[in-house]
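The values are calculated or read from the model by the stated rules, or taken from the named source; none is laboratory data. Please read all numbers here as calculations on a predicted model, not as lab measurements. Methodologically, a virtual Cβ is constructed for each residue, glycine included, from the backbone with ideal geometry; neighbour enumeration extends over all protein chains shown. To get the accessible areas, we keep the full protein, side chains included, count just its heavy atoms, and leave off ligands, DNA and RNA. Shrake-Rupley method; radii C 1.70, N 1.55, O 1.52, S 1.80 Å.
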Amino acid sequence: MIKKTVANVREACEGISDGMTFMLGGFGLCGIPENIISELVRKNIQNVTCISNNAGVDGFGLGLLLKKHQIKKMISSYVGENAEFERQMLSGEMEVELIPQGTLAQRCEAARSGIPAFYTPAGYGTEVAEGKETREFHGKMYVMEKAFEADFSFVKAWKGDEAGNLIFKGTARNFNPAMCGAGKITVAEVEELVPAGELDPNQIHIPGIFIQRIFQGENYEKRIEQLTVRKRN
Amino acid sequence: MALSKEQIAQRIAKEVKDGYYVNLGIGIPTLVANFVRDDISVEFQSENGILGMGPFPFEGEEDPDLINAGKQTITALPGASFFDSAMSFGMIRGQHVDLTILGAMEVSQNGDIANWKIPGKMVKGMGGAMDLVASAENIIVAMMHTNRDGESKLLKECSLPLTGVKCVRKIVSNLAVLEIIDGKFHLLERAPGVSVEEIQKATEGDLIINGDVIEMKF
């Protein structure tokens, strides 16, 4: 067994520096690496490029980095829930590249899997395809998209073991698996870290080969963005 | 009377057939789930990674790890499954999802759709909409026929940045049900009490009217 555990979030984030490109898992506030984001804020890393489906909300998730003007560029598919984000984007303080959600996921997966580029129908005929190579297959037009290049992937899982194997819960899975192994170094934070052998190999979603560092997060707030409930009759 | 948002959803629900896997967009499309007949088997996909999405949870039973693409707390029905975003869009691009229902700011008569950006005003992003409209064979658009100033949103050409080209086949608006065939809007049904003339007036694009246009039934 190759051990991937590190003592804490500080050790997990060693080697990060200004100007790097990070991938961060999560959809909205669901399944985001909360402890790592707090550490990025604490270390006050500057001029970073973040690849993340969303940009958090004011005061939580990536919204914390935005507030401190740590983000130089965001690559996302949807950024609608964050007033500070919109302000920085419209004022030109921050660069934003909006790309289709499936393309974002596939560019992560391609990076992980050694595929330099791929063709997708998403965005053909729109401004997303401007300047990109297009090609016809079986009578339909496709756009060539390239794999991401990132220095670190930061992911969050439900359970993990010392070997870096991961299990996700519910829709907190989202972009996390595709980002594992997509950056040069993948750091996973988990709610529960167990010794090797305790997780059933049949149930592993992401094998530890894609993970370089794993630690148990100290605290999970798991904020709900849109609480919607039914009344009991 | 023009249809309410609920009535638009109710009319679209009639297009949902037994055995369909359906992706519902944010807004009016989300309401469609409330009106699908309960004697047919349908599974709702949410592109953030669930098939078999159920209704909102009861108060106190919400799970922060279980949300839909609108970031709302949801439940999972028996037979549900979870998966990652790459697989989710594999399902969508691979045309395994039978029906996509989404909203639009503008639709043109050749089936172009714009729903993600108003330059200088609103830039929220396309989310999964570009993947959905580029891949789905069966797309229904739920929309208001006109904007707040009464200007048509069913146009000869879209004025806003496009989400996808030549992809919309069917539209259910607050005034009518329309189909796009050979680069023109065809009027299929009108909302109860709404005249063909009113629909014609609210439609900037070419509108084909064949004989008597039936009134929608609920």
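Tabulated data for the structure shown
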item	result
Three-way shape call for segment A:1-134 based on the alpha-carbon gyration tensor, with the a/c threshold at 1.5	oblate
FRET efficiency, 1/(1 + (r/R0)^6) with R0 60 Å, evaluated for B:ASP212 and A:PHE60 via beta carbons	0.60
Burial ranking of peptide ranges A:227-233, B:13-19 (average Cβ count within 10 Å, highest at the top)	B:13-19, A:227-233
For segment B:1-88, alpha-carbon Rg over 2.2 N^0.38 Å	1.10
B versus A: buried accessible surface, summed, Å² (probe 1.4 Å, to nearest 100)	4300 Å²
Using θ = phi - 60° and Karplus 6.51 cos²θ - 1.76 cosθ + 1.60, couplings along segment A:77-84 (whole Hz; Gly, Pro as x)	10, 8, 10, x, 10, 9, 5, 5
Spherically averaged projected area in nm², based on the convex hull that wraps the Cα atoms of the protein assembly as shown	22.7 nm²
Estimated 222 nm signal from helices in chain B, with DSSP H stretches of n ≥ 4 weighted -39500 (n - 2.57), rounded to 500	-4000 deg cm²/dmol
Percent antiparallel among DSSP beta bridges (both partners in chain A, rounded to 5)	30 percent
Antiparallel content of DSSP bridges confined to the protein assembly as shown, in %, to 5	40 percent
Antiparallel bridges, percent of DSSP beta bridges restricted to segment A:1-116 (to nearest 5)	15 percent
Around B:THR146: net Lys/Arg minus Asp/Glu count, Cβ-Cβ under 14 Å	-2
Average beta carbon contacts from partner chains per residue of A:73-82, 10 Å cutoff	4
Accessible surface of the protein assembly as shown [probe 1.4 Å, protein heavy atoms]: carbon and sulfur percent	48 percent
Average beta carbon contacts from partner chains per residue of A:90-99, 10 Å cutoff	2
Approximate spin-label separation A:GLU95-A:GLU198, in nm, with each point projected 7 Å along Cα-to-Cβ	4.4 nm
Number of partner chain Cβ atoms within 10 Å, mean per residue of B:69-77	5
Long-range Cα-Cα pairs in chain A (distance over 32 Å), rounded percent	21 percent
Quarter of Cα convex hull surface for segment B:5-215, i.e. mean projection, nm²	12.7 nm²
Phi-based couplings in Hz for segment A:59-69 (Karplus 6.51, -1.76, 1.60; Gly and Pro marked x)	x, 8, x, 5, x, 5, 6, 4, 4, 8, 6
J(HN,Hα) series, segment A:15-32, from Karplus relation 6.51 cos²θ - 1.76 cosθ + 1.60, nearest Hz, glycine and proline x	x, 7, 8, 4, x, 7, 10, 10, 9, 10, x, x, 10, x, 9, 8, x, 8
Mean separation of Cα contacts under 8 Å, 6 or more apart, over the residue count of segment B:31-131: relative contact order %	19 percent
Two-site label geometry, A:MET141 and B:ILE118: point separation in nm, points 7 Å out along Cα→Cβ	2.8 nm
1.4 Å probe accessible area per residue over chain A, in Å²	42 Å²
Mean ellipticity per residue at 222 nm, deg cm²/dmol - from DSSP H runs of n ≥ 4 across chain A, formula -39500 (n - 2.57)	-5000 deg cm²/dmol
Residue-level accessible surface for A:ARG10, protein heavy atoms, 1.4 Å, Å²	130 Å²
Peptide ranges A:107-113, B:113-119 listed from the most packed, as the mean C-beta count within 10 angstrom indicates	A:107-113, B:113-119
Accessible-area ranking of A:HIS205, A:HIS69, B:HIS96, B:HIS145, largest first, probe 1.4 Å	B:HIS96, A:HIS69, A:HIS205, B:HIS145
Surface/4 estimate of mean projected area, convex hull on alpha-carbon atoms of segment B:128-194, nm²	5.2 nm²
Threshold 20 Å² - residues in segment B:32-54 whose accessible area is reduced by that much or more when the chain is no longer isolated, probe 1.4 Å	B:ASN48
Charge tally in the Cβ shell below 15 Å around A:ILE45, where Lys, Arg are +1 and Asp, Glu are -1, A:ILE45 excluded	+3
Ordering of B:80-87, B:55-62, B:39-46 by burial proxy (mean other Cβ atoms within 10 Å per residue, highest first)	B:80-87, B:39-46, B:55-62
Segment B:44-108, accessible area per residue, ligands and nucleic acids excluded (1.4 Å, Å²)	32 Å²
